[in-house]
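Colleague: Below is one structure. I have some questions about it.
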Amino acid sequence: MTRIDDLPIREELRGKSPYGAPQLDVPVRLNTNENPYPLPEPLIERITERVREAARELNRYPDRDAVELRTELAAYLSRTGGHEVALANVWAANGSNEIIQQLLQAFGGPGRTAIGFEPSYSMHALIARGTGTGWISGLRNDDFTIDLDAATAAITAHKPDVVFICSPNNPTGTAVDAGTVLALYEAAQAAKADTAGALVVIDEAYVEFSHRPSLLPLIEGRPNLVLSRTMSKAFGAAGLRLGYLAADPAVVGAVQLVRLPYHLSAITQATALAALEHTDTLLKYVDELKAERDRLVEELCAIGYEVTESDANFVQFGRFDNSHRAWQAILDHGVLVRDNRVPGWLRVTAGTPAENNAFLDAVRALKKENPIT
Ligand SMILES: *Cc1c(COP(=O)(O)O)cnc(C)c1O
């Protein structure tokens, strides 16, 4: 049998494994930060209508620049983000992962580097590798906040071309305040003062669940600052694959240099437009999920676990002597959570109240069986 490494594959891909959260067939799956509520029936009807219309023109290529969709995304951002943006500020792609890939294709690449502050979203490093961008792993404080002095020192020392700031951060749930982002932005520009500066990407995949407002207003007057968003989490549309960015129009121009022609299918555009018509219905579940997240925090503490303060739709909890063994024990109780390989910690997504109850029963039982796990 031919193995991957027998192929003439790029050196940096040899021996690597693909991204993958294990998808096991268990009753309660709280491992991938999805929204647990299916789309409401009226929206499913509207999607069907818009997709039927789009199907009549599938012999043609879709709108290459997704103008109608970007206009609606701009309206959503302007309504909820505390800052007015227009079509020219917004770009859309197949999930925010593709947004990040396009940004790294345009601003990273061979001979260039990107930095992230870990533990954080592992795809930033993986997409960096896939685009030939060098990866620098910055560290966090013990409480998972960004250590501003250490982060600034790392940026000054390594002079990265791209800086990732995930807020709220996956897998810890930690939000980053505007002051820290601005300080890192300034440090990144200063470190690359001999060139046109560095691109700072704020990944706001979970911002709708945050106690804090969006960092969107920070893009004003900062052409090297980009905000990345997704419809996969708060909108409950992970299967749609729709991500977007907000930035200076020049950044939108830059990603258009590397995107594949017609990257966003007519079906995707029609479905996303239908979903955006129902924004208020979709986001109605966000308040419920935030309340469930807060309940998980409270109950986990009451049971005797440590919890990282969360601004997202998930909670990092611990500590465990052996988090993988604890993960397995929770799975044995029928609940799948996420082992992000952060030593001592696991992550649980806020599900429906019934799913969360099942999870809490499982960790209560775990504590009883083995108080120190
Ligand atoms: C889930 C997640 C995304 C979403 O990726 P999509 O490609 O839009 O589904 C992006 N960033 C972070 C930090 C995430 O956790």
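The values are calculated or read from the model by the stated rules, or taken from the named source; none is laboratory data. Everything quoted here is computed from the prediction, not taken from an experiment. Quick reminder, even Gly has a Cβ in these numbers, built from the backbone with ideal geometry, and neighbours come from all protein chains shown. These area figures cover heavy atoms from the full protein model, side chains too; ligands, DNA and RNA do not enter into them. Shrake-Rupley method; radii C 1.70, N 1.55, O 1.52, S 1.80 Å.
Colleague: Quick one: what pairs do we get from segment 291-303, first residue open to solvent by 20 Å² or more (accessible area, probe 1.4 Å), second aliphatic (A, V, I, L, M) and at pLDDT 95 or above, C-beta under 8 Å, 6+ apart or different chains?
Modeller: Sorted first by the residue in segment 291-303, then by its partner, the pairs are Glu292/Ala350; Val297/Val307; Val297/Val315; Glu299/Leu360; Cys301/Val307; Ile303/Leu360; Ile303/Val363.
Colleague: Please list, ordered by residue number, the strands (runs of 3 or more DSSP E) wholly in segment 172-249 having 2 or more residues that are at pLDDT 95 or above, open to solvent by less than 10 Å² (accessible area, probe 1.4 Å) and not hydrophobic (A, V, I, L, M, F, W, C).
Modeller: Working: elements: 199-203, 225-230, 243-246.
So the answer is 225-230, 243-246.
Colleague: Could you pull out the residue among Val363, Val307 that is at pLDDT 95 or above and touching a Cys at 6+ places or on another chain (Cβ under 8 Å)? Before the answer, list the steps.
Modeller: On the way: Val363 fails: touching a Cys at 6+ places or on another chain (Cβ under 8 Å).
None of the other options fit; the residue is Val307.
Colleague: Of (1) surrounded by fewer than 21 Cβ atoms within 10 Å (Cβ to Cβ); (2) within 16 Å of Leu260 (Cα to Cα), Glu53 satisfies all except one. Which?
Modeller: The failed condition is (2).
Colleague: Could you please find all residues in segment 86-120 being within 16 Å of the ligand (Cβ to nearest atom) and among the polar types (S, T, N, Q)? First the steps, then the outcome.
Modeller: Taking segment 86-120 first, the residues within 16 Å of the ligand (Cβ to nearest atom) are 90-105, 114-120.
Correct list: Asn94, Ser96, Asn97, Gln101, Gln102, Gln105, Ser120.
Colleague: Could I ask something else about it? Would you mind telling me which numbered condition in (1) in a loop (DSSP other than H, G, I, E, B); (2) modelled with pLDDT of 95 or more; (3) not aromatic (Phe, Trp, Tyr) Ala21 fails?
Modeller: Ala21 satisfies every listed condition except (2).
Colleague: Can you spot a residue in segment 52-73 that is under 17 Å from the mean Cα position of the chain (by Cα) and of a type in the set (Asp, Glu)?
Modeller: no
Colleague: Let me ask something additional. Find the residue count for segment 58-73, including only residues that are under 20 Å from Lys233 (Cβ atoms) and either free of Cβ contacts under 8 Å to residues at least 40 places away in the same chain or within 15 Å of the ligand (Cβ to nearest atom) (or both).
Modeller: Total satisfying the criteria: 2.
Yes or no, residue by residue, for (1) assigned to a helix (DSSP H, G or I); (2) of a type in the set (Ser, Thr, Tyr):
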position: Lys290; (1), (2): yes, no
position: Ser310; (1), (2): no, yes
position: Gln316; (1), (2): no, no
position: Ala326; (1), (2): yes, no
position: Ala329; (1), (2): yes, no
position: Asn340; (1), (2): no, no
position: Ala354; (1), (2): yes, no
position: Asp361; (1), (2): yes, no
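Colleague: If I filter segment 232-254 for residues that are on the phi > 0 side of the Ramachandran plot and within 14 Å of the ligand (Cβ to nearest atom), do I get at least one hit?
Modeller: Yes - at least one qualifying residue is present in segment 232-254.
Colleague: So Val26 ticks every box in (1) open to solvent by less than 40 Å² (accessible area, probe 1.4 Å); (2) part of a helix (DSSP H, G or I) but one. Which box is left unticked?
Modeller: Status for Val26: all satisfied but (2).
Colleague: With the condition kept exactly as written, say whether any residue in segment 283-295 is in contact with a strand residue (DSSP E or B) (Cβ under 7 Å, 6 or more places away or on another chain) and closer than 22 Å to Phe209 by Cα.
Modeller: From segment 283-295, those in contact with a strand residue (DSSP E or B) (Cβ under 7 Å, 6 or more places away or on another chain) are 293; that's our starting set.
Then drop every residue that is not closer than 22 Å to Phe209 by Cα, which leaves 293.
Yes.
Colleague: A further question on this structure: Right, Glu309: acidic (Asp, Glu) and either touching a helix residue (DSSP H, G or I) at 6+ places or on another chain (Cβ under 7 Å) or assigned by TED's automatic domain parsing to the domain that holds Thr172 (or both) or not? Walk me through it before giving the result.
Modeller: Details: acidic (Asp, Glu): yes; either touching a helix residue (DSSP H, G or I) at 6+ places or on another chain (Cβ under 7 Å) or assigned by TED's automatic domain parsing to the domain that holds Thr172 (or both): no.
It is false that Glu309 is acidic (Asp, Glu) and either touching a helix residue (DSSP H, G or I) at 6+ places or on another chain (Cβ under 7 Å) or assigned by TED's automatic domain parsing to the domain that holds Thr172 (or both).
Colleague: Please determine, by comparing only the residues of segment 328-373 that are free of Cβ contacts under 8 Å to residues at least 24 places away in the same chain and acidic (Asp, Glu), which one is surrounded by the most Cβ atoms within 10 Å (Cβ to Cβ).
Modeller: Ranking the qualifying residues of segment 328-373, first place goes to Asp339.
Colleague: Determine the pairs where a residue that is among the small types (Gly, Ala, Ser), located within segment 1-29, has a partner that is not in a loop (DSSP other than H, G, I, E, B) with Cβ atoms under 8 Å apart, the partner being 6 or more residues away or on another chain.
Modeller: As it stands, the answer is Gly15/Asp5; Ala21/Arg338, since those pairs meet every condition given.
Colleague: Kindly indicate whether Arg112 is in contact with a strand residue (DSSP E or B) (Cβ under 9 Å, 6 or more places away or on another chain), under 25 Å from Thr180 (Cβ atoms) and basic (Lys, Arg). So that I can check it myself, show each step before the final result.
Modeller: On the way: in contact with a strand residue (DSSP E or B) (Cβ under 9 Å, 6 or more places away or on another chain): yes; under 25 Å from Thr180 (Cβ atoms): yes; basic (Lys, Arg): yes.
It is true that Arg112 is in contact with a strand residue (DSSP E or B) (Cβ under 9 Å, 6 or more places away or on another chain), under 25 Å from Thr180 (Cβ atoms) and basic (Lys, Arg).
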